[in-house]
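Engineer: Next up is a structure, given as structure tokens.
Since every read-out is calculated from the coordinates, none of them should be taken as a lab result. None of the values given here were measured: they were computed from a predicted structure. Counting neighbours? That spans all protein chains shown, and the Cβs are built from the backbone with ideal geometry, glycine included.
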Amino acid sequence: MSRRVRGSGSFFVADRSLGSGLVFSTFLAANIGAGSIIAASELGYEAGLSAWWYVGSAGIGQIIFAFLVAPRIWRAGKKHGLYTAGDYLELRYGNSVRAIIVSILWLGTLAILAAQLIAMSQILEWVLGTPRWVGATLGGMIMIIYFTAGGLMTTAWVNLVQLIVLIVGFLVAIPIAVGSAGGVEAVLAAAPANSDFMNPLAFAGIIMFVILMPAFVVSPGLVQMGYAAKDEPSLKKGIALQALALLAFAFVPVSAGIIAHSFDPGLTNGAYAVPTMLTLGLPPLLGALGLAAVFSAEVSSADTVLFMLSTSLSKDIYKRYISPDATDEDVLRVARLAAIVGGMGGLVLTLRFDSVLDTITIFYAIMSVSLFVPLLAGLHTRRAGVPEAIAGIAAGVSTLVTVSIAGEAGIVSSTVAKSATGIGILASGIAFVLVLMIRHVLNKLRTG
């Protein structure tokens with residue numbers, strides 16, 4: 001596929017050529033990764049059915065994205081030749097807003113890349129006992145090599161293969177694991193006696209919805225992949241169908257987490273729930289297929305994150321601020337170099353973070369409070385401008401940081417601290433609207 005890359009248009013947006021099938025598979029593969037499998041199964045092991053909301057929230061967010069966000073941004077991308085979410089932010093608000101958002105998200109994106117690499121390393125650690133850096137490096141090098149070769153053009157087709165491996169692996173694994181555990185009744189009997197464990201509407205699910213859903217409405221990586229659709233119907237159909245698939249898939253990692261209790265009710269780290277089920281609940285050959293499915297899903301999400309890093313650095317930073325006169329070949333070369341640098345940066349961070357769940361939550365929180373209000377408001381009103389966007393970003397990020405620190409210090413309750421993302425989005429929206437109203441009043445006074 002890398003031989004088809006004719007320039008930055010191929011690398012960044014696959015020449016805007018993806019039909020609904022490839023839109024479906026590329027988005028679904030991007031959305032099913034370390035968070036959707038390892039983190040969700042960890043929550044399934046610890047909290048039970050309410051963990052459905054970890055992936056279910058992504059599916060709900062993607063339905064909103066399919067009909068209220070993606071079509072408008074695709075039209076703008078087609079008309080103005082946009083490649084990244086940063087391109088749209090500058091088109092809508094100007095250079096300053098683009099610079100702020102890109103700077104915030106580039107650092108946050110490294111954290112989620114680290115989470116994907118941590119999850120890859122856990123598979124090899126479980127099977128072979130290798131140190132984290134070995135597994136992360138092996139998985140990271142695979143991802144860096146094929147993404148650097150062909151960008152989104154390669155990623156779209158590789159993700160299709162990865163998705164097939166994932167779906168086949170779990171369709172085989174779950175029924176056999178349940179049978180090995182003694183059937184559904186035995187699995188339920190092995191589950192913790194906690195009254196909320198089998199309650200899908202437990203409070204933990206509400207918290208996950210508040211934290212995660214907004215991120216899947218405004219994700220810069222998904223916005224950029226949307227530009228690659230060949231037309232608007234293909235875009236909406238592909239994204240909407242994969243959103244429904246996400247809602248169904250949300251039961252898979254939760255089931256794996258619950259089933260793992262039948263084989264090891266005393267796991268000290270719930271992140272190993274899926275490897276436990278696959279290695280103890282399946283024959284070795286099928287267990288290997290299941291582990292390959294998990295590894296494949298993590299690689300498919302990791303390449304999406306690398307896509308965000310490399311295209312943002314080359315287009316939003318290099319082309320926009322460092323070398324505005326750069327040729328298409330220069331931008332493509334920098335994008336490939338940025339993929340290598342970003343991948344290495346993610347590898348370094350795997351030594352800093354311990355938990356996939358915590359690492360991903362950090363990224364989603366930062367992305368939601370900084371981007372949710374400016375992007376959605378910018379799509380649906382022309383009255384707002386740079387002051388509103390900057391006020392919304394500043395209020396969202398500062399509120400998130402303040403509430404999180406207050407939670408760690410015991411100043412606010414743990415429930416409030418866990419809701420820091422939702423509170424940050426609310427603060428961002430209030431600041432955005434207040435500045436909009438103040439500017440409207442001032443304009444009225446000036447025109448008298």
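Engineer: Applying the Karplus parametrisation 6.51 cos²θ - 1.76 cosθ + 1.60 with θ = phi - 60° to the phi angles of segment 76-91, what ³J(HN,Hα) value in whole Hz is obtained for each residue in order, glycine and proline being reported as x?
Structural biologist: Here the 3J(HN,Hα) series is 5, x, 5, 6, 10, x, 7, 10, 10, 5, x, 4, 5, 4, 5, 4 Hz.
Engineer: Using Cβ counts within 10 Å as a stand-in for footprinting exposure, how do ASP325, ASP15, ASP303 rank, fewest first?
Structural biologist: Least to most surrounded, the residues fall as ASP325, ASP15, ASP303.
Engineer: Arranged by the count of other C-beta atoms within 10 angstrom, fewest first, what order do MET143, MET213, MET277 take?
Structural biologist: Exposure proxy ranking, most exposed first: MET213, MET143, MET277.
Engineer: Give the long-range amide H neighbours of VAL412: residues separated by 5 or more places, or on another chain, with amide H under 5 Å away, using H modelled in the peptide plane at 1.01 Å from N.
Structural biologist: GLY407
Engineer: Cβ under 15 Å from LEU49's Cβ, LEU49 left aside: what net charge do those residues give with Lys, Arg +1 and Asp, Glu -1?
Structural biologist: Net local charge, LEU49 excluded: -3.
Engineer: Just list whichever of LYS79/LYS319; LYS315/LYS444; LYS230/LYS315; LYS237/LYS418; LYS236/LYS418 have alpha carbons separated by over 27 Å in the model shown.
Structural biologist: LYS315/LYS444; LYS237/LYS418; LYS236/LYS418
Engineer: Work from the charge dipole of segment 381-448 (Cβ charges, +1 for Lys and Arg, -1 for Asp and Glu, about the Cα centre) and give the residue of VAL441, VAL416, THR399 farthest towards its positive end.
Structural biologist: The one lying farthest along the dipole's positive direction is VAL441.
Engineer: Another question, if that's okay. LYS78: which aspartates and glutamates have alpha carbons under 15 Å from its alpha carbon, excluding same-chain residues fewer than 8 sequence positions away?
Structural biologist: ASP15, ASP87, ASP231, GLU232
Engineer: Spelling out what I want: for every residue of segment 222-232, take phi, set θ = phi - 60°, compute 6.51 cos²θ - 1.76 cosθ + 1.60 (Karplus), and round to whole Hz; glycine and proline get x.
Structural biologist: Those phi angles translate into 6, 4, 5, 5, x, 4, 6, 5, 6, 7, 5 Hz.
Engineer: If we count other beta carbons within 10 Å of each Cβ, what is the order of HIS380, HIS261, fewest first? Each step should come with its number before you reach the end.
Structural biologist: Values: HIS380 11, HIS261 24.
Starting with the residue having the fewest Cβ neighbours, the order is HIS380, HIS261.
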